[in-house]
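> I have a structure here, written as structure tokens, and I will follow up with some questions on it.
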Amino acid sequence: MSEAFYSHARLYDLMFPGGGPAVDFYRANADRQGGRVLELGCGTGHKLIPIASDGHPCVGLDFSSDMLAEAQRKANGRGVAVEWMQGDMRAFDLGRTFDFVFIAANSLLHLHEAEDLVSCFRSVRRHLAPGAQFVFDVFNPSVRLLAEADGVRRPRASLSFVDPDRGKVSVDVAEIYDAPAQVTRGTWHLSTSCEPDFLVAPLEIRSIFPQELPLLVSLGGLRLVERFGDWSGRPFAVDTPLQLCICESA
Ligand SMILES: C[S@@+](CC[C@H](N)C(=O)[O-])C[C@H]1O[C@@H](n2cnc3c(N)ncnc32)[C@H](O)[C@@H]1O
């Protein structure tokens with residue numbers, strides 16, 4: 001249900017310019033591991049292009065042809081080689097193994113069914129070389145914040161941006177939380193002063209609660225080795241923003 005959102009890669013990059021501690025974290029981990037790198041749900045390559053520019057052989061897999069085309073364009077512009085592949089992280093077979101596999105920026109949360117998450121983890125496991133590391137980051141769900149999702153459309157001032165073609169773009173989001181499914185169902189509205197709602201797209205994102213996360217990982221044949229709560233490496237706790245998970249083959 002989020003495909004339409006990712007079929008506007010240029011706007012995505014303007015809204016989410018990337019960079020920051022997440023890129024530094026994944027880059028440092030890829031360096032520490034060494035060897036071949038695979039990112040699932042790689043988007044426009046915010047993390048993978050810097051990692052490839054450090055000299056690692058990289059493969060990026062994503063559902064969206066539009067995000068991949070933008071990733072390819074940016075990598076070519078920077079003279080960086082990455083193998084971009086269209087595919088579904090729920091089940092994939094690349095016929096080779098990797099030393100570092102990662103899923104960044106809540107991309108995993110586009111898988112809503114527990115079976116899909118387990119199937120993804122099983123596919124990841126089949127692609128791990130001996131001693132390889134699998135890392136992913138998802139947000140730490142706050143029951144209080146989820147309960148505030150009342151379906152009312154509100155501005156997200158921090159996400160507004162300037163599009164060189166259109167001018168200033170404002171972003172409004174309306175969200176409701178579907179508790180039995182553990183999915184926040186959002187509708188994103190992008191507008192300029194002369195083109196209100198020039199883009200309206202759904203974006204749906206699951207919550208993975210702290211107690212279920214290690215169980216899902218282990219059903220996929222993996223072991224959760226460490227869970228950090230933020231990019232500085234603080235241990236995961238009730239009030240940390242992230243579940244930054246370091247896994248290996250079980
Ligand atoms: C929030 S973006 C993150 C992009 C990138 N990882 C980053 O850190 O900037 C989520 C990405 O996951 C991709 N995606 C969603 N479901 C997918 C699936 N089942 N298989 C592969 N990619 C998927 C989307 O197309 C989108 O590019």
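> Out of curiosity, is Val23 touching a Cys at 6+ places or on another chain (Cβ under 8 Å), buried (at least 18 other Cβ atoms within 10 Å of the Cβ) and in the same structural domain as Arg96 (by TED's automatic domain parsing)? Before you say what the answer is, go through the steps one by one.
On the way: touching a Cys at 6+ places or on another chain (Cβ under 8 Å): no; buried (at least 18 other Cβ atoms within 10 Å of the Cβ): yes; in the same structural domain as Arg96 (by TED's automatic domain parsing): yes.
Considered against the rule, which asks whether it is touching a Cys at 6+ places or on another chain (Cβ under 8 Å), buried (at least 18 other Cβ atoms within 10 Å of the Cβ) and in the same structural domain as Arg96 (by TED's automatic domain parsing), Val23 comes out as no.
> Next question. Spot the failing condition for Arg125; the list is (1) more than 17 Å from the chain's Cα centre (by Cα); (2) assigned to a loop (DSSP other than H, G, I, E, B), and only one is missed.
Arg125 satisfies all of (1) more than 17 Å from the chain's Cα centre (by Cα); (2) assigned to a loop (DSSP other than H, G, I, E, B) except (2).
> Check Val138, Val169 and return the single one that is in a strand (DSSP E or B), more than 20 Å from the chain's Cα centre (by Cα) and in contact (Cβ under 8 Å) with a residue 40 or more places away in the chain. Step through it out loud before you land on a result.
Numbers: Val138 fails: more than 20 Å from the chain's Cα centre (by Cα).
From the options Val138, Val169, the qualifying one is Val169.
> I'd like to verify a number: residues in segment 1-59 that are farther than 28 Å from Arg227 by Cβ and touching a Lys or Arg at 6+ places or on another chain (Cβ under 7 Å), how many?
2
> Any idea which of (1) in contact with a strand residue (DSSP E or B) (Cβ under 6 Å, 6 or more places away or on another chain); (2) within 13 Å of the ligand (Cβ to nearest atom) is the one Thr97 doesn't satisfy?
With (1) in contact with a strand residue (DSSP E or B) (Cβ under 6 Å, 6 or more places away or on another chain); (2) within 13 Å of the ligand (Cβ to nearest atom) applied to Thr97, the lone miss is (2).
> Mind listing whichever residues of segment 75-119 are exposed (fewer than 14 other Cβ atoms within 10 Å of the Cβ), out of contact with any helix residue (DSSP H, G or I) (no Cβ under 8 Å at 6 or more places or on another chain) and under 22 Å from Phe16 (Cβ atoms)?
Asn76, Gly77 - these are the residues of segment 75-119 that are exposed (fewer than 14 other Cβ atoms within 10 Å of the Cβ), out of contact with any helix residue (DSSP H, G or I) (no Cβ under 8 Å at 6 or more places or on another chain) and under 22 Å from Phe16 (Cβ atoms).
> Right, here's the next one. Exactly one of (1) in the same structural domain as Ser218 (by TED's automatic domain parsing); (2) over 19 Å from Leu242 (Cα atoms) is unmet by Ser158. Its number?
Condition (1) is where Ser158 drops out.
> Return a yes/no flag: does segment 76-86 have any residue that is outside any loop (DSSP other than H, G, I, E, B), charged (D, E, K, R) and in the same structural domain as Tyr12 (by TED's automatic domain parsing).
Pass one, segment 76-86, residues outside any loop (DSSP other than H, G, I, E, B): 76-77, 83-86.
From what's left, charged (D, E, K, R): 83.
Now narrow it down to the ones that are in the same structural domain as Tyr12 (by TED's automatic domain parsing): 83.
Within segment 76-86, one or more residues are outside any loop (DSSP other than H, G, I, E, B), charged (D, E, K, R) and in the same structural domain as Tyr12 (by TED's automatic domain parsing).
> Something else now. Within segment 192-224, which residues are without any contact (Cβ under 8 Å) to a residue 60 or more places away in the chain, among the hydrophobic types (A, V, I, L, M, F, W, C) and either in contact with a Lys or Arg (Cβ under 7 Å, 6 or more places away or on another chain) or not in a helix (DSSP H, G or I) (or both)?
Cys194, Phe198, Val200, Leu224 - these are the residues of segment 192-224 that are without any contact (Cβ under 8 Å) to a residue 60 or more places away in the chain, among the hydrophobic types (A, V, I, L, M, F, W, C) and either in contact with a Lys or Arg (Cβ under 7 Å, 6 or more places away or on another chain) or not in a helix (DSSP H, G or I) (or both).
> I'd like the residue in segment 3-37 that is hydrophobic (A, V, I, L, M, F, W, C) and away from the ligand (no atom under 12 Å from the Cβ) and, out of all such residues, is farthest from Gly233 (Cα to Cα). Write out each step before concluding.
Of all residues in segment 3-37, those hydrophobic (A, V, I, L, M, F, W, C) come to 4-5, 9, 11, 14-16, 22-23, 25, 28, 30, 37.
Cutting the leftovers down to away from the ligand (no atom under 12 Å from the Cβ) gives us 11, 14, 28, 30, 37.
On the way: Leu11: 31, Leu14: 28, Ala28: 12, Ala30: 16, Val37: 21 Å.
Out of the qualifying residues, it is Leu11.
> Okay, moving on. Mind listing whichever residues of segment 222-250 are surrounded by fewer than 17 Cβ atoms within 10 Å (Cβ to Cβ) and touching a Ser or Thr at 6+ places or on another chain (Cβ under 8 Å)?
Arg223, Arg234, Ala250
> Filter segment 53-62 down to residues that are touching a strand residue (DSSP E or B) at 6+ places or on another chain (Cβ under 9 Å) and either more than 14 Å from the ligand (Cβ to nearest atom) or under 18 Å from Thr97 (Cβ atoms) (or both), then give me how many there are.
Within segment 53-62, the subset touching a strand residue (DSSP E or B) at 6+ places or on another chain (Cβ under 9 Å) is 56-62.
From the residues that got through so far, the ones that are either more than 14 Å from the ligand (Cβ to nearest atom) or under 18 Å from Thr97 (Cβ atoms) (or both) too are 56-61.
Of the residues in segment 53-62, 6 are touching a strand residue (DSSP E or B) at 6+ places or on another chain (Cβ under 9 Å) and either more than 14 Å from the ligand (Cβ to nearest atom) or under 18 Å from Thr97 (Cβ atoms) (or both).
The values are calculated or read from the model by the stated rules, or taken from the named source; none is laboratory data. Every value quoted in this text rests on a predicted model; they were computed, and no experiment measured them. Here Cβ is always computed from backbone atoms with ideal geometry, including for glycine, and neighbour counts include all displayed protein chains.
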